[in-house]
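To keep things clear, I will list the structure first and then write my remarks on it.
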Amino acid sequence: MEIFLASGNRHKQKELQEILSEHKILIPSDVGIEFSPVENGKTFFENSFIKAKALWDLIKKPVIADDSGICVEALNFAPGIYTSRYAGPNYMQGLPDGQKISQEEQNSLLIKQLNDTRSPNRRAFYVCAMVLLLSPFQFYSAQETFEGIIIDDISKQAGTGGFGYDPIFYLPQYGKTAAELTAEEKNSISHRGKAARGIAKILQSRQG
């Protein structure tokens, strides 16, 4: 099946294609579509559905959308749905002008903000809410988490794989950051990998 991913992120496309190998995963730019919906939901699921519906309205074909972010326990589970816009403690929901700072800056600011709390709790988890939209009246969803801790100094960031906060997201059971995992390792335990496998089972059951 040809399925469109409601994203412009090639990393996400690659991860999803590896898990849904029986299907062809496309993103809007693959067919010349500009796609930038307003994500004004209050939850990961709401934002995921908003993106799925917006793309389905354009192409009228099966769509997968996901909304994901990192939640830090000592920061009251922030930045959460504002993860991609996070710009430090004074701009938890993004800069007033809508611009985004670099990922390197985001990583440094998140570590600093957590350190400033002086909390010994460095636990954090990624969340991924994924929606498979077959029509506006028929959809399936899966939501999963990926647990780890935030490192205490940006100098300890490690790894070149993954994206986002992966270089500062440490996995004690592996002794490495998420960015140091192989693609296979990450897909087997990550929030997006687990949610995608849930969607894959749904697709398999429909075909069966």
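Modelled label positions at residue 76 and residue 38, each set 7 Å beyond Cα in the direction of Cβ, lie 2.6 nm from each other. The lysines whose alpha-carbon is closer than 23 Å to the alpha-carbon of residue 156, local same-chain residues fewer than 8 away aside, are 112, 176, 186. Once the convex hull of all Cα atoms in segment 1-118 is built, its volume per residue stands at 120 Å³.
Report, as a whole number in µm² per second, the diffusion coefficient that Stokes-Einstein gives for segment 106-208 at 10 °C and 1.306 mPa s using the Kirkwood radius over alpha carbon pairs. Translational diffusion coefficient: 105 µm²/s. For the Cα trace of segment 49-104, dividing Rg by the Kirkwood Rh returns an Rg/Rh value of 1.11. For segment 69-84, 3J(HN,Hα) computed residue by residue from phi via the Karplus equation (6.51, -1.76, 1.60; θ = phi - 60°) reads x, 10, 10, 9, 4, 6, 9, 6, 6, 7, x, x, 5, 9, 3, 6 Hz, glycine and proline entered as x. Per-residue 3J(HN,Hα) values for segment 142-153, derived from phi via the Karplus relation 6.51 cos²θ - 1.76 cosθ + 1.60 with θ = phi - 60°, read 9, 10, 9, 10, 9, 9, x, 9, 8, 5, 9, 8 Hz in sequence order (x marks Gly and Pro).
Here the chain has 51 percent of its accessible surface on carbon and sulfur atoms, given a 1.4 Å probe and all protein chains in place. Annotation: lysines with alpha-carbon distance below 27 angstrom to residue 60 (same-chain offsets under eight excluded): 12, 14, 24, 42, 51, 194, 201.
Compared with the rule-of-thumb size 2.2 N^0.38 Å for a compact globular protein, segment 39-187 has a Cα radius of gyration ratio of 1.11.
Its DSSP H runs of at least 4 residues, each contributing -39,500 (n - 2.57), put the calculated 222 nm mean residue ellipticity of the chain at -9500 deg cm²/dmol, to the nearest 500.
Most tightly packed first, judged by the mean number of other beta-carbon atoms within 10 Å of their residues, the peptides 49-55, 111-117 read 49-55, 111-117.
With contacts taken as Cα pairs under 8 Å and at least 6 residues apart, segment 52-208 reaches a relative contact order of 20 percent.
Note on segment 161-208: the C-alpha convex hull projects to 3.7 nm² when averaged across all orientations. Roughly how compact is segment 1-66, stated as its Cα Rg over 2.2 N^0.38 Å to two decimals? Taking the Cα Rg and dividing by 2.2 N^0.38 Å, one obtains 1.05.
Coupling constants for segment 123-134 follow from the phi torsions by the Karplus curve (6.51 cos²θ - 1.76 cosθ + 1.60, θ = phi - 60°), and in residue order they are 5, 8, 8, 7, 10, 9, 9, 10, 10, 9, 10, 9 Hz; glycine and proline get x.
The values are calculated or read from the model by the stated rules, or taken from the named source; none is laboratory data. Quantities reported herein were computed from a predicted structural model and do not represent experimental measurements. Cβ: placed from backbone, ideal geometry, glycine included. Neighbour counts: every protein chain shown. Heads up: the accessible areas ignore ligands, DNA and RNA and are worked out on the full protein's heavy atoms, side chains in. Shrake-Rupley method; radii C 1.70, N 1.55, O 1.52, S 1.80 Å.
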